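J.: The structure under discussion is supplied below as structure tokens; questions concerning it will follow.
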Amino acid sequence: MSIEEMNFGDYLEFIRTSKRKSLRQTAIAIGVSPQYYSEVEKTRRSVLSAERLEKLRDYLELTPEEYQTISTKAAEAHRGKNKQVPQDFADYIVERDYVMAALRTMKDMDADQEDWKRMVEEFIARKREQNGD
């Protein structure tokens, strides 16, 4: 199975075993029970929280690419289940890698309301210019 075909749990297990870490060691390192972690890898439990994903990144010494893949797969696993984000937004974000990358960049750069407002205003101005408005 290719990485693209793996779900969150499959990729989690793949990356953990490729780093030669036991399930028990990994669970303890991120603050969950081995049973819970096993259920996550087997997709019987929901994906890990953002905080636990960060702990996993640090513990497994994930590359930026590995962390982005695991974060994307976590978002895809939430697809249709996330009650805080309207479904049409969740689908739009998950179906477009560049949107997820942009949101991640804004999050990593700690963008505030003014940053987002400026970005939207610049986008609207650029689109209007392109359309000759």
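Coordinate-derived values only; no laboratory data. This structure is a prediction, so every number in the text was calculated from the model and none was measured. Note that each Cβ is placed from the backbone with ideal geometry, even for glycine, and that neighbours are counted across all protein chains shown.
J.: Taking neighbour Cβ counts within 10 Å as the exposure measure, how do Leu60, Leu53 sort from fewest upward?
T.: Going from least to most buried by this count: Leu53, Leu60.
J.: Oh, and also: Number of Lys pairs in the chain with C-alpha atoms less than 18 angstrom apart, excluding same-chain neighbours closer than eight positions?
T.: Lysine pairs meeting both conditions in the chain amount to 12.
J.: Modelled label-to-label distance, Met1 and Glu65, 7 Å Cα→beta-carbon offset: nm?
T.: Output for this residue pair reads 2.1 nm.
J.: From a point 7 Å beyond the Cα of Asp97 in the direction of its Cβ, which residues of segment 1-29 have a backbone N at a distance under 13 Å?
T.: So the set is 3-5.
J.: Hey, got a sec? Which GluC sites (Glu not before Pro) in segment 1-109 land in a DSSP loop and have at most 12 other Cβ atoms within 10 Å?
T.: Those that pass, being in a loop and sparsely packed, are Glu61.
J.: From the Cα gyration tensor of segment 3-82, with a ≥ b ≥ c the square roots of its eigenvalues, which class applies: rounded if a/c is under 1.5, or else prolate if a/b is larger than b/c, or else oblate?
T.: rounded
J.: Still on this structure, please answer the following. Please report Ser49, Ser38 as a ranked list, fewest other C-beta atoms within 10 angstrom at the top and most at the bottom.
T.: If I rank by nearby Cβ atoms, fewest first, I get Ser49, Ser38.
J.: Can you sort Lys107, Lys73 by how many other beta carbons sit within 10 Å, fewest first?
T.: Lowest count first: Lys107, Lys73.
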